[in-house]
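Below is one structure; the comments refer to it alone.
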Amino acid sequence: MGDSDRLAVRDVRPFVPAQDFPLSLSFYTALGWNTLWTDDDALALMSLGGSQIMLQNFYVKEWAENSMLVVEVSDTTAWHAHAKRVLTDGNFGTARLSDPQREDWGALVTYMWDPCGVLLHFTQLDA
């Protein structure tokens, strides 16, 4: 086995904070993340479109409000409509959503803040 085989990267999973773990777990599930594993009160491995996050029952305001996830999507407008339905149908505290907007660098992006302030960028690059 060569060095390139031994150094191959298989995945990178960011840890995402949750102030209210059950609420955040419900929020991400409603958006479409699948729970692959959880210990029910401290950590959950979640997957969306083949990418994964580790949702954790740990919260520091400054960290949460400076955390961001880029979710590259094929249709930002469709994701905006989906996210709006999720917020309308659920009770996710301070979670909120912006209208899609064209960024200077060319992408169409809708921003969504999760229940503890993590900023999700639903980004369409070929828009």
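The table that follows gives values for the structure above.
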quantity: The range 85-117, residues that are without any contact (Cβ under 8 Å) to a residue 60 or more places away in the chain, of a type in the set (Asp, Glu) and either more than 17 Å from residue 74 (Cα to Cα) or surrounded by 20 or more Cβ atoms within 10 Å (Cβ to Cβ) (or both); calculated: 89, 104
quantity: Selected residue (criterion: surrounded by the most Cβ atoms within 10 Å (Cβ to Cβ)) from residues of the range 1-54 that are under 16 Å from residue 90 (Cβ atoms) and among the aliphatic types (A, V, I, L, M); calculated: 18
quantity: Tabulated pairs, the range 9-27, first closer than 18 Å to residue 70 by Cβ, second of a type in the set (Gly, Ala, Ser) and surrounded by 12 or more Cβ atoms within 10 Å (Cβ to Cβ), C-beta under 7 angstrom, 6+ apart or interchain; calculated: 16/67; 17/64; 17/67; 27/95
quantity: Where residue 42 falls short, out of the listed (1) without any contact (Cβ under 8 Å) to a residue 40 or more places away in the chain; (2) in contact with a Leu (Cβ under 9 Å, 6 or more places away or on another chain); (3) among the aliphatic types (A, V, I, L, M); calculated: (2)
quantity: Candidates 108, 87 - the one that is more than 22 Å from residue 16 (Cβ to Cβ), more than 13 Å from the chain's Cα centre (by Cα) and modelled with pLDDT of 95 or more; calculated: 108
quantity: In the range 66-76, the residues that are farther than 19 Å from residue 46 by Cβ and touching a residue at least 40 places away in the same chain (Cβ under 8 Å); calculated: 74, 75, 76
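Quick grid of which residues meet (1) within 17 Å of residue 122 (Cα to Cα); (2) modelled with pLDDT of 95 or more; (3) among the charged types (D, E, K, R):
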| site | (1), (2), (3) |
| --- | --- |
| 23 | no, yes, no |
| 27 | yes, yes, no |
| 43 | no, yes, no |
| 50 | yes, no, no |
| 56 | no, yes, no |
| 60 | no, yes, no |
| 78 | yes, yes, no |
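The values are calculated or read from the model by the stated rules, or taken from the named source; none is laboratory data. Computed from a prediction, not measured in an experiment: that's the story for all the values here. Quick reminder, even Gly has a Cβ in these numbers, built from the backbone with ideal geometry, and neighbours come from all protein chains shown.
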